[in-house]
Amino acid sequence: MSQEGGGGSGQWLKDAEAWVEDKRLKPSTFAAEFIGSFLFQFLGGSAASNAVDAGLTTAALGNGAALALLVYSMAGISGAHLNPAVSTAMLVIGEDDMSIPKWGIYVSMQLFGALMGAVFLRYLCPDTAVVRNPFVTQGILNEGVSRNLAGLGIFEFVMTFTLVFVICAVALDMKSGARQYGPLAVGFVYAAGVYCEGPYTGGSMNPARTIAAAIVYANFTGMWISIICVMIGGVAGAFCYKHLLRIEHNPANSRDFSASRYV
């Protein structure tokens, strides 16, 4: 029995060493996810805070533009997931060379980055921005939908399904004719999601942003419903694209870490 336990422990250590040495687990990739998630939370939340006076378009286009620019900046380093729902979807469908260790570190960096962004927002944005229209910085339900958690779940499921479906189309599929415009397409679909559900749910489509804002603002209304539906929606979107429309890989470098990057 002891020999078996020692063997198992030795194999675990060998696996851990292999993960650390794997070129796909470079510190720069995780740093990119942290920095990108921090900036997305900060820039997107700031734009949404200004929407209290400037209107929903400021929140939608501000978030969409921030995401597009950050994806353009980080895609060549980490793939620019910046969203646990995207990383989870890639893990489930077996794309972007997503392993369980890589997924765990990605999600941790995304959550930590978003939390830091939310902390900055909490102390920089005027209190009136939160009191008058809390969805714009917290990404939670407003009073109207807080009495309809099913509505929250459906909104978040459909919008995240759409987001990840588009990501698969423009970032993973080699037969796409607009891969070089992929980050722009991702930014537009995020903006569309904010336009559609922002006034009702906050338009999160991102568990890291939802969790971070809920913690910093100490408001957990509907948080678990949102997270569960966002995660399921993301996986469903990726699964449907891969198995219904068929992701086509580049046979020359289909297993290369950069093969699923925007070009």
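Values in this text are rule-based calculations from the coordinates and carry no lab data. In this text, all values refer to a predicted model and were calculated from it rather than measured experimentally. Quick reminder, even Gly has a Cβ in these numbers, built from the backbone with ideal geometry, and neighbours come from all protein chains shown.
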* Between Leu149 and Glu248, what is the FRET efficiency for a Förster distance of 30 Å, r being their Cβ-Cβ separation, to the nearest 0.05? -> 0.15
* To do: Please find the FRET efficiency linking Ser99 to Val119, where r is the Cβ-Cβ separation and R0 is fixed at 25 Å, and quote it to the nearest 0.05.
  => 0.25
* Computed label-point distance, nm, for sites Met174 and Cys240 using a 7 Å Cα→Cβ extension -> 2.6
* To do: Give me the Debye-computed log₁₀ of I(q)/I(0) at q = 0.25, 0.26, 0.27 Å⁻¹ for segment 43-110, equal point scatterers on Cα only, no solvent, two decimals.
  => -0.99, -1.03, -1.06
* Asked: For the peptides 213-220, 198-205, what is the packing order when you average, over each peptide's residues, the other Cβ atoms within 10 Å and list the highest mean first?
  -> 198-205, 213-220
* Provide the gained length on full extension for the span Phe112 to Leu56, in nm with one decimal, where the gain is 0.36 nm per separating residue minus the Cα-Cα distance. => 17.4 nm
* For all pairs of alpha-carbon atoms in segment 16-249, what percent lies in each bin of width 10 Å, listed from the first bin to the last filled one? -> 9, 35, 38, 15, 3, 0
* **Label-point separation in nm, Cys196 to Asn219, each point 7 Å along Cα→Cβ** => 2.4
